[in-house]
Amino acid sequence: CCFIVSLFGIVGNATVIYASLRYNAIQLDKITLIFIRNLAVADTSYTICYVLPPMIATVLFDGRWVLGKVYCFFSAQLCFVFGCVNIAVVLSITTYKLRMVTNPFYSISKTTVQVGVGVIWVFSLTPTILSLTYKSSSNFSADIGNCITSIYFDKAARLPWGIALGLFLMLPMFIITVSNAILCGVAIKSSKRREERGNYKALVTICSLSGVFVVSWVPYIIYNIWIKFDGVVPPLLRPIAWHAVSLNSFCNPILYTLTNRRFADYVKGILCFKKRGKIAVWT
């Protein structure tokens, strides 16, 4: 089941990237689309690098790690990068939409956003660099079926790692939650006004994306808080935290399909085996 979810996550996010670039199949503004594509790239990279290969290997070899120490080390370290990009991009989407709602005349160039996204990817290396600075190792954890870095349990790194979690996880999640609550309120009001129906559909997409994102990351936040104050984590909390984050990558393409008519039509065309020339191209 987990294998199927991961596989569909990769296919779904790849479809998001291709359909939005080739057919303009997601009905959102150009700035939001830049964020959506980078979110899909981060989700796909996370699944390919950290989720799918270990899942296949552990299933085939009865829960044993057979991919070697090098892969174990790099996959555990690199997952921080993709996770941080995920958080930063969703934060950017919600704050951008909130700014557009509060100031309809606000504008920003595509070049500025593209540079900003590049900065996000570079800045997201910080937790990995911090982990490497403390010479953390990576070990296979049978309860999540994957490798996990020792930085979580390093007492010497408790303060800097706690600060990093606050800056890269806790604070962004708080801002995303508050911004999303405001956007949902605006969406409800827009639904009652016929002239704002287009804005309502875009807000529903962003609210759904941010809402599912926050919910899927809550167990991971609880896990990190628990490990800082107690050290002894309940047996079920760790696998729930890891698998909930992984499930988020699968959910995003489904949300676009449910909340965006144009993308839903494109997906329907693929599932019905329509030829490329018969799939609508929007401009």
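Annotations for the structure displayed:
- Solvent exposure of region 30-155 as accessible area per residue, Å², 1.4 Å probe: 47 Å²
- Applying both filters, DSSP loop and at most 16 other Cβ atoms within 10 Å, to the trypsin sites (Lys or Arg not before Pro) of region 1-92 gives Arg64.
- Volume per residue that the Cα convex hull of the chain spans, once the total is divided by residue count, Å³: 147 Å³
- Label zone (Ile182, point 7 Å along Cα-to-C-beta; backbone nitrogen cut-off 19 Å) within region 14-45: 32.
- Alpha-carbon Rg/Rh ratio, for region 62-177, with Rh computed the Kirkwood way: 1.08
- Rounded to whole numbers, the Karplus 3J(HN,Hα) couplings from phi for region 25-34 are 8, 10, 7, 9, 5, 5, 5, 4, 5, 4 Hz, using 6.51 cos²θ - 1.76 cosθ + 1.60 with θ = phi - 60°, and x at Gly and Pro.
- Taken one residue at a time, the phi angles of region 108-125 give Karplus couplings (6.51, -1.76, 1.60, θ = phi - 60°) of 8, 6, 4, 4, 4, 5, 4, 5, x, 5, x, 4, 4, 4, 5, 5, 6, 6 Hz. Gly and Pro are set to x.
- Non-local lysine pairs in the chain, meaning eight or more places apart or on different chains, with alpha-carbon distances under 25 Å, amount to 20.
- Charge dipole magnitude, Cβ of K and R +1, D and E -1 - the chain, Cα centre, debye nearest 20: 1040 debye
- Among the chymotrypsin sites (Phe, Trp or Tyr not before Pro) in region 38-135, those located in a DSSP loop and surrounded by at most 16 other Cβ atoms within 10 Å of their own Cβ are Phe61, Phe105, Tyr106, Tyr134.
- Listed residue (Ala164, Ser20, Phe82) projecting farthest to the positive dipole end of the chain, Cβ model: Ser20
- Taking the accessible area of the chain, probe 1.4 Å, and keeping the other protein chains in place, the carbon and sulfur fraction comes to 69%.
- Global geometry of region 8-124, whether rounded, prolate or oblate, following the gyration tensor of its Cα atoms and the 1.5 cut on a/c: prolate
- Modelled label positions at Phe229 and Leu159, each set 7 Å beyond Cα in the direction of Cβ, lie 2.1 nm from each other.
- In this rough spin-label picture, where each label sits 7 Å from Cα along the Cβ direction, the Ala244-Tyr106 distance is 2.9 nm.
The values are calculated or read from the model by the stated rules, or taken from the named source; none is laboratory data. None of the values given here were measured: they were computed from a predicted structure. Quick reminder, even Gly has a Cβ in these numbers, built from the backbone with ideal geometry, and neighbours come from all protein chains shown. In case anyone asks, the SASA skips ligands and DNA or RNA and just uses the protein heavy atoms, side chains included. Shrake-Rupley method; radii C 1.70, N 1.55, O 1.52, S 1.80 Å.
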